[in-house]
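Below: the structure, in structure tokens.
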Amino acid sequence: MARKMMRGTVAALSATALLALGACSSEQAAPSTDTSNGDEQMAEGGDELISIGFSQVGAESGWRAANTQSIQDTLTEENGFDLNFSDAQQKQENQIQAISSYIAQGVDVIAFSPVVETGWDPILQEAKAAGIPVILTDRAVDSDDDTLYESFIGSDFVLEGEMAGEWAAEQYDGEGFKVVELQGTTGSAPAIDRQQGFADAIAGSDLEVIDSQTGNFTRTEGKQVMEGFLQKHDDIDVVFAHNDDMGLGAIEAIEAAGMVPGEDIQIITIDAVKDGMQALADGKINYIVECNPLLGPDLAEIAKAVIAGEPVEKRIVVEDEAFDQEAAIAALPDRQY
Ligand code: AHR
């Protein structure tokens, strides 16, 4: 069963205009890159390129690798952009430094995916004072002032958690199942929202979350945290991992402990990147809620509109699906990321 959810004021405009993305493995080194030469450049046809500074969270997951590729493949000179891309290695201070340097360079637009939700107002106020519009991609900021950014493009993380929790409650209610939760990066929007959505959806069922800890969205930490859970608890029935990579790490820990993932311990994850979908097709994961990483085309469209002075939607919600084993087997041959 593949469930298609579309919400919000604007559908995922270009998420279907998919880019050819290669298989992505987690935790790949992704050094900061400056693809801009700093000079004003002209696009073919004589229009000036839009200079855009993009501060990425890091390279923590297969999802992030696909997201970076989508952005770099879309914000090209051929498409009218002069991209200055930097990788913050999951550190807020690195993102603030990158944004500060984009302001100093006087880029036309700044875009970023905030590693955590809070603490952005001062740097966003600087961008606003400099007259540089900001577009948020993937993750939200927690701010009382929504004039500090033009638009936020990304999935509804609360709904993703709810979809995962609703499926768990449908499958397991009445069994008295114990759940452990592998959380994303502490303070990040997806970790906060997916935890909330899942908790809301299982409320009223007899599923019980007996432990919850961050695995920082990485496969390595997901495995380590799962090893700790297995040492501490001998009654784990279900793992809810906030992304595929941590779920894949949990699979390694479960197998190392002599158990069968997907059977002895059920696994539910979020993202639906190729490695996760393969594990679902192989029966090692039981259910995946998608989080679409192909945000480059929408970002390009919004950036062009902002520069042209056209009105843009404040919130663009990206379309997500959910997959069980049968749906994963059907989707895998054409999977873009
Ligand atoms: O913000 C999106 C989340 O960040 C993805 O679900 C996760 O894999 C990534 O690291």
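A short reminder: the numbers here are calculations on the coordinates, not readings from a lab. Because the structure is a prediction, the values reported are computed rather than measured. We place every Cβ from the backbone using ideal geometry, glycine too, and count neighbours over all the protein chains shown.
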Open item on the list: Connecting C-alpha atoms closer than 10 Å in a GNM of the chain, tell me which of ALA189, ALA241, ALA201 has the biggest fluctuation.
Closed with: ALA201
TODO: Filter the cross-link list LYS223/LYS284; LYS178/LYS274; LYS232/LYS284 down to pairs whose alpha-carbon distance in this structure exceeds 18 Å.
DONE: LYS178/LYS274; LYS232/LYS284
Open item on the list: Let me check the size of the stretch 157-290 from its C-alpha atoms; what are the radius of gyration and Dmax in Å?
Closed with: 12.8, 34
Open item on the list: Students often check this: by mean Cβ neighbours within 10 Å, which of 136-149, 173-186 ranks highest, and how do the rest follow?
Closed with: 173-186, 136-149
- [ ] Report the charge-dipole magnitude of the chain in Debye, nearest 20, computed about the Cα centre from +1 at each Lys and Arg Cβ and -1 at each Asp and Glu Cβ.
- [x] 240
Task: Under 5 Å, built H, 5+ apart or other chain: amide partners of THR214 - done: GLN183
Task: Length released on extending from SER100 to GLU208, taking residue separation times 0.36 nm less the Cα-Cα span - done: 34.4 nm
- [ ] Starting from the Cα of LYS128, draw a straight line to each of the lysines and keep only those under 30 Å, dropping any in the same chain fewer than 8 residues away.
- [x] LYS91, LYS304, LYS314
- [ ] Using every pair of alpha-carbon atoms in the stretch 170-226, split the distances into 10 Å bins beginning at 0 and state the percent of pairs per bin, rounded to integers.
- [x] 23, 48, 28, 2
TODO: Calculate one ³J(HN,Hα) per residue across the stretch 320-337 by plugging θ = phi - 60° into the Karplus curve 6.51 cos²θ - 1.76 cosθ + 1.60, and present them in order as whole Hz with x for glycine and proline.
DONE: 10, 10, 9, 10, 9, 4, 4, 5, 5, 4, 5, 7, 4, x, 9, 5, 8, 8
- [ ] Quick one: grab Rg to one decimal and Dmax as a whole number for the stretch 262-337, Cα atoms only, in Å.
- [x] 16.6, 56
- [ ] Please compute the net charge surrounding ILE52, taking Lys and Arg as +1 and Asp and Glu as -1 over other residues with Cβ under 9 Å from its Cβ.
- [x] -2
TODO: As a check on your grasp of the helix formula, calculate [θ] at 222 nm for the chain: sum -39500 (n - 2.57) over DSSP H runs of n ≥ 4, divide by the residue count, round to the nearest 500.
DONE: -11000 deg cm²/dmol
Open item on the list: Using the basic label-point model (7 angstrom from Cα toward the beta carbon), what is the ASP142 to ILE307 distance in nanometres?
Closed with: 3.4
Task: Cut-off under 5 Å, modelled amide H: who pairs with GLY58 long-range - done: ALA88, GLN89, GLN90
- [ ] Could you calculate the FRET efficiency of GLN196 with ALA129 from 1/(1 + (r/R0)^6), where r is the beta carbon distance between them and R0 is 25 Å, rounded to 0.05?
- [x] 0.15
- [ ] Mind sorting PHE157, PHE217 by how few other Cβ atoms lie within 10 Å of their own Cβ, fewest first?
- [x] PHE157, PHE217
- [ ] Return the single residue from VAL273, VAL289, VAL306 with maximal mean-square fluctuation; model: Gaussian network over the chain, springs between Cα atoms under 10 Å.
- [x] VAL306
Open item on the list: Could you give each residue of the stretch 211-224 its phi-based ³J(HN,Hα) in whole Hz, using Karplus coefficients 6.51, -1.76, 1.60 with θ = phi - 60°, and x for Gly or Pro?
Closed with: 7, 8, 8, 6, x, 6, 6, 10, 5, 4, 6, x, 5, 4
- [ ] Starting at the first residue of the stretch 175-180, write each ³J(HN,Hα) from the Karplus equation 6.51 cos²θ - 1.76 cosθ + 1.60 with θ = phi - 60°, in whole Hz, x for Gly and Pro.
- [x] 9, x, 6, 9, 10, 10
- [ ] Please list the non-local residues whose amide H lies under 5 Å from the amide H of ASP320, H modeled 1.01 Å from N, same-chain partners needing a gap of 5 or more.
- [x] MET5
Task: the stretch 266-309: translational diffusion in µm²/s, Stokes-Einstein, Kirkwood Rh over Cα pairs, 4 °C, 1.567 mPa s - done: 105
Task: DSSP-defined beta bridges in the chain - what % are antiparallel, rounded to 5 - done: 15
TODO: Quick one: P(r) of the chain from all Cα-Cα pairs, 20 Å bins, percents rounded to integers, in order of increasing distance.
DONE: 33, 55, 13, 0
